[in-house]
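A.B. asks: Okay, here's the structure, questions in a sec.
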Amino acid sequence: MSGAGTHLCYSLREMAKRREKQTDKNPAVALKRATDRQAGVARGGGVDRGASPARVKAILKKLDEAYPAATCALKHENAFQLLIATILSAQCTDVRVNEVTVKLFPKYPSCKAFAYAHPAEIENDIRSTGFFRNKAKSIIGTSKKILEEYHGEVPKTMEQLLTLPGVARKTANVVLGTAFGIADGVVVDTHVQRLAERLDLSKNSDPKKVEQDLMQVIPHEKWILFSHQMIWHGRRICQARKPRCIECNLEPLCYSKDKTI
Ligand code: SF4
């Protein structure tokens with residue numbers, strides 16, 4: 001390298017050092033760096049990114065601080081109603097589902113009432129939740145199966161729940177976790193899927209694989225609460241189009257490319 005080149009490199013190094021010193025003098029920046037270091041995250045340095053136990057622990061702590069009592073937003077009085085509400089919630093907001101079920105559940109007060117309902121009438125009752133023909137088919141099919149094969153009681157195992165028409169792992173996990181307190185897996189809906197990616201807890205996009213990844217890194221006793229907390233955070237702060245990172249308490253732990261600050 002020529003003498004001029006060496007001199008230029010030297011000057012740039014000096015400038016970088018000086019800038020770093022100045023930044024460290026800024027108390028807000030210094031505090032933030034300390035918090036990051038404490039959490040085991042060195043952004044830009046490639047250290048402890050991803051789902052290391054220390055980072056996961058820090059994320060869980062932040063979620064506990066923000067949403068200590070997160071729970072399912074679907075209104076229900078029993079496991080069967082929760083199952084029906086969860087089927088209705090596919091591609092639909094919980095608010096809309098609650099608007100529909102407030103009239104639907106009194107109209108069909110039992111599993112038997114749903115099982116023998118007229119399909120066209122149920123379709124009409126649930127039309128505003130979208131995909132109403134498929135949902136009506138699932139609701140009637142599921143109700144019939146519960147009535148005929150499970151003595152009218154919602155089954156309590158993943159294996160049995162997955163035999164019900166229109167019930168996949170997400171729905172089964174919601175029912176098992178919320179209605180029965182059984183943690184067989186992690187609920188992966190659109191919010192959990194997006195947040196798992198943004199928080200670098202999974203590199204997969206297939207919900208089943210995301211769930212497997214989360215089950216690997218989240219302690220079993222946290223599965224149920226963690227799912228609700230992620231859903232709440234996704235709804236309130238880490239929204240799909242424009243995450244509200246400025247209000248996000250996970251921000252020091254997040255290095256998503258979608259960040260808005
Ligand atoms: S910092 Fe932004 S992108 Fe990261 S979790 Fe928070 S809201 Fe989501």
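The values are calculated or read from the model by the stated rules, or taken from the named source; none is laboratory data. Here the structure is a predicted model, which is why all the values come from computation and not from measurement. Neighbour counts are summed over all protein chains in view; Cβ atoms, including those assigned to glycine, are modelled from backbone coordinates with ideal geometry.
A.B. asks: Are there any pairs, at least 6 apart or on different chains, whose C-beta atoms fall under 8 Å, with the first in segment 240-260 and in contact (Cβ under 8 Å) with a residue 24 or more places away in the chain and closer than 14 Å to K62 by Cβ and the second more than 8 Å from the ligand (Cβ to nearest atom) and assigned to a loop (DSSP other than H, G, I, E, B), and if so, which?
C.D. replies: So the pair list comes out as P252/A39; P252/V41; L253/A39; L253/V41.
A.B. asks: Okay, moving on. Failed condition for A168, given (1) at pLDDT 95 or above; (2) loosely packed, with under 15 Cβ neighbours inside 10 Å; (3) under 14 Å from the mean Cα position of the chain (by Cα), with all others met?
C.D. replies: Going through (1) at pLDDT 95 or above; (2) loosely packed, with under 15 Cβ neighbours inside 10 Å; (3) under 14 Å from the mean Cα position of the chain (by Cα) one by one, A168 breaks only (3).
Table: residues versus (1) under 16 Å from the mean Cα position of the chain (by Cα); (2) surrounded by 17 or more Cβ atoms within 10 Å (Cβ to Cβ).
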residue: G152; (1), (2): no, no
residue: E159; (1), (2): no, no
residue: T163; (1), (2): no, no
residue: V187; (1), (2): yes, yes
residue: L214; (1), (2): yes, yes
residue: W232; (1), (2): yes, yes
residue: I237; (1), (2): yes, yes
residue: E251; (1), (2): no, yes
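A.B. asks: Next question, about the same structure. Just checking, does segment 196-209 include any residue being closer than 17 Å to L60 by Cα and more than 12 Å from the ligand (Cβ to nearest atom)? Full working, then the answer.
C.D. replies: Initially, segment 196-209 is screened for residues closer than 17 Å to L60 by Cα, giving 196-202.
Now drop any that are not more than 12 Å from the ligand (Cβ to nearest atom), which leaves 202.
Within segment 196-209, one or more residues are closer than 17 Å to L60 by Cα and more than 12 Å from the ligand (Cβ to nearest atom).
A.B. asks: Which ones in segment 131-152 are in a loop (DSSP other than H, G, I, E, B) and without any contact (Cβ under 8 Å) to a residue 40 or more places away in the chain? So that I can check it myself, show each step before the final result.
C.D. replies: Step one: list which residues in segment 131-152 are in a loop (DSSP other than H, G, I, E, B), which gives 131, 150-152.
Scanning segment 131-152 gives Y150, H151.
A.B. asks: Which of (1) closer than 19 Å to T93 by Cβ; (2) more than 9 Å from the ligand (Cβ to nearest atom) is the odd one out, the single condition Q212 does not satisfy?
C.D. replies: Exception for Q212: condition (1).
A.B. asks: Turning to a different aspect of this structure: Residues that are surrounded by fewer than 20 Cβ atoms within 10 Å (Cβ to Cβ) and under 21 Å from E77 (Cβ atoms): does segment 190-203 have at least one?
C.D. replies: No, segment 190-203 contains no residue that is surrounded by fewer than 20 Cβ atoms within 10 Å (Cβ to Cβ) and under 21 Å from E77 (Cβ atoms).
A.B. asks: For segment 235-250, give me the residue count where each residue is over 12 Å from L195 (Cα atoms), in contact with a helix residue (DSSP H, G or I) (Cβ under 7 Å, 6 or more places away or on another chain) and within 6 Å of the ligand (Cβ to nearest atom).
C.D. replies: Going through segment 235-250 one residue at a time, the tally reaches 1.
A.B. asks: Of the numbered conditions (1) within 19 Å of Y67 (Cα to Cα); (2) within 11 Å of the ligand (Cβ to nearest atom); (3) over 13 Å from the mean Cα position of the chain (by Cα), I261 fails exactly one; give the number of that condition.
C.D. replies: It is condition (1) that I261 fails.
Yes/no per residue for (1) small (G, A, S); (2) under 28 Å from E121 (Cβ atoms); (3) in contact with a strand residue (DSSP E or B) (Cβ under 7 Å, 6 or more places away or on another chain):
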site	(1), (2), (3)
K145	no, yes, no
P155	no, yes, no
E159	no, no, no
G166	yes, yes, no
G181	yes, no, no
D189	no, no, no
L199	no, no, no
